[in-house]
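The values are calculated or read from the model by the stated rules, or taken from the named source; none is laboratory data. Quick caveat, the model's predicted, so the values are computed rather than measured. For neighbour counting, all protein chains shown are included, and Cβ atoms are generated from backbone atoms with ideal geometry for every residue, glycine included. The area values use the complete protein model at the heavy-atom level, side chains included, leaving out ligands, DNA and RNA. Shrake-Rupley method; radii C 1.70, N 1.55, O 1.52, S 1.80 Å.
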Amino acid sequence: MLACVYSGAVYGVNAFTVEIEVSAGRGDPSVVIVGLPDAAVRESKDRVWTALNNAGFNLKLGRTTINLAPADIKKEGPAFDLPIAAGILAASEKIEMPNLRDYAMVGELALSGEIRRVRGVLPITLEMRRQNKRGILVPEDNADEAAVAEGIEVYPVRHLRDAISFLTGEQKLQPYKVDIKDLIQHDHYNIEDFADVKGQESAKRAIEVAVSGGHNILMIGSPGAGKTMIARRIASILPELTLHEALEATRIHSVAGTLKSHQALVTQRPFRSPHHTISDAGLLGGGTHPMPGEVSLAHNGVLFLDELPEFHRNVLEVMRQPLEDGHVTISRAAATVNFPSQFMLVAAMNPCPCGYAGDPKRECRCTGNQIQNYRNKISGPLLDRIDIHIEVPPLRYSELSSLKNGESSAIIRERVMVCRERQQERFKSQQHITCNANMSTRDVQKFCALDSTASDMLKMAMTELNFSARAYNRIIKVARTIADIADTEAITAEHIAEAIQYRSLDRNMWV
């Protein structure tokens with residue numbers, strides 16, 4: 001007999017429908033899986049048969065052929081265990097499942113018959129909704145994640161017997177639901193607070209500008225100046241995720257397998273901080289079966305690269321495309337995969353290998369060549385893509401010993417939210433723009449008109465400081481954000497002057 005079961009597989013951050021055909025016939029007992037299965041899928045026949053026996057389904061079948069369609073796309077992972085088991089039982093002619101085609105299912109089977117969580121359940125559920133399936137059976141640990149996809153019934157199952165009893169009609173299950181509005185209510189308590197940061201007012205001002213406009217930022221300073229401490233607190237002033245942004249981030253983390261058990265949504269903007277030994281595939285994404293890298297896991301959030309020159313140069317250079325385009329394209333012989341990567345880059349570095357070049361109290365032990373080689377690890381094109389460069393000076397004793405706390409993250413975040421709301425109102429007709437940093441050259445011309453005084457100041461800076469054409473646009477974008485913080489539509493010379501100040505390292509350190 002022939003049975004047909006529906007499931008799904010992940011391709012990039014999206015999913016496609018997999019039709020699992022099971023044909024049980026006579027002959028010598030054997031199981032053949034076709035349709036470009038990988039090793040994990042081929043091994044499923046042993047897991048499935050053992051799970052069926054241990055769950056009490058004693059089957060005696062002959063030659064069994066299992067086809068995973070479409071046959072020209074590679075299938076990977078253990079998520080097909082549950083649908084294969086259901087297909088084998090339906091094809092055995094011993095168990096009637098009248099509504100089998102109305103439901104899709106995913107799940108890995110333990111040898112006992114228990115159903116284990118798998119990756120990519122959210123994009124698969126969204127695809128099944130698009131295919132007008134009535135419902136989907138998912139592992140209990142994946143139920144919260146799947147239930148975020150409204151418009152399709154989600155049935156969590158813990159054991160193979162529960163799934164089969166539901167499909168045969170012997171047992172009724174209630175669709176699992178989550179309150180999405182409740183999920184996206186952010187809790188910003190117990191997060192490191194900017195009130196703990198002593199001094200560094202200019203650095204905190206630059207951070208506020210960067211977060212308000214979504215601008216990339218580079219902090220340069222001696223060891224112990226507070227660069228990492230400041231960076232870690234950026235999460236406390238980030239604006240809330242919208243539902244659309246939360247779903248985008250959740251899809252990526254679902255595919256990567258980084259969601260926690262019973263986690264429904266990524267409700268906080270991601271903050272990723274990879275070690276400097278990371279490979280280009282780890283940062284950008286890739287592998288035999290391409291998976292999201294750190295730049296995609298940081299989508300709609302922050303990617304923090306501490307000790308920037310310690311990263312391999314080829315690793316840093318692969319960030320050019322995602323920084324410019326907001327997505328990563330990974331090409332392989334069999335396929336091309338796109339991963340979204342719209343993130344805010346926050347980087348920190350020392351001014352030299354020993355860390356004390358320019359320090360007023362400590363002597364630098366580095367030679368001129370060592371300093372130049374250290375700084376040359378960051379290419380000009382990559383530096384051009386970082387909107388704001390600031391120096392973080394060492395703290396004075398009076399600042400360290402002060403009992404007065406700095407401005408709290410809650411107060412800074414309120415200003416950030418007001419600034420972002422201005423941008424959302426400005427760009428409401430531009431779907432591709434979420435903040436000032438996303439503006440294209442044409443958008444800059446449309447939304448960032450300069451008065452004559454501001455234009456003259458920018459012209460003088462471009463001539464005297466020898467900025468690149470890319471730096472020109474980024475100065476105007478940062479000035480647009482500074483004007484938004486000041487609650488004014490006009491970009492004045494004062495705003496341009498502050499934005500130019502944030503590019504001064506182009507001249508001071510990389511000439």
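Structure notes:
- Residue match in region 21-34 (condition: buried (at least 16 other Cβ atoms within 10 Å of the Cβ) and either among the aromatic types (F, W, Y) or without any contact (Cβ under 8 Å) to a residue 12 or more places away in the chain (or both)): no
- Taking region 1-119 and the strands (runs of 3 or more DSSP E) fully enclosed by it, the elements with 2 or more residues that are of a type in the set (D, E) and modelled with pLDDT of 90 or more are at 14-24.
- Matching strands (runs of 3 or more DSSP E) fully within region 307-404 where at least 1 residues are within 30 Å of I252 (Cα to Cα) and at pLDDT below 85: 327-331, 336-340
- Matching residues, region 290-308, being small (G, A, S) and out of contact with any helix residue (DSSP H, G or I) (no Cβ under 6 Å at 6 or more places or on another chain): A298, G301
- Residues that are among the polar types (S, T, N, Q) and open to solvent by 60 Å² or more (accessible area, probe 1.4 Å) within region 392-415 comprise S398, N405, listed in sequence order.
- The listed residues are D46, D81, and the only one of them that is free of Cβ contacts under 8 Å to residues at least 40 places away in the same chain and within 12 Å of V5 (Cβ to Cβ) turns out to be D81.
- Residues of region 275-296 classified as open to solvent by 10 Å² or more (accessible area, probe 1.4 Å) and aliphatic (A, V, I, L, M), total: 4
- Single condition Q171 does not satisfy, out of (1) surrounded by fewer than 16 Cβ atoms within 10 Å (Cβ to Cβ); (2) under 28 Å from the mean Cα position of the chain (by Cα); (3) without any contact (Cβ under 8 Å) to a residue 40 or more places away in the chain: (2)
- Test for E170: is it modelled with pLDDT under 90, in a loop (DSSP other than H, G, I, E, B) and acidic (D, E): no
- For region 448-501, the helices (runs of 4 or more DSSP H) that sit wholly inside it and include 3 or more residues that are at pLDDT 90 or above and crowded, with 22+ Cβ neighbours inside 10 Å are 469-485, 493-501.
- Residue pairs whose Cβ atoms lie under 6 Å apart, sitting 6 or more positions apart in sequence or on different chains, and linking a residue in region 292-316 that is within 19 Å of G380 (Cβ to Cβ) to a partner that is part of a helix (DSSP H, G or I) and hydrophobic (A, V, I, L, M, F, W, C), are V315/L283; L316/L382.
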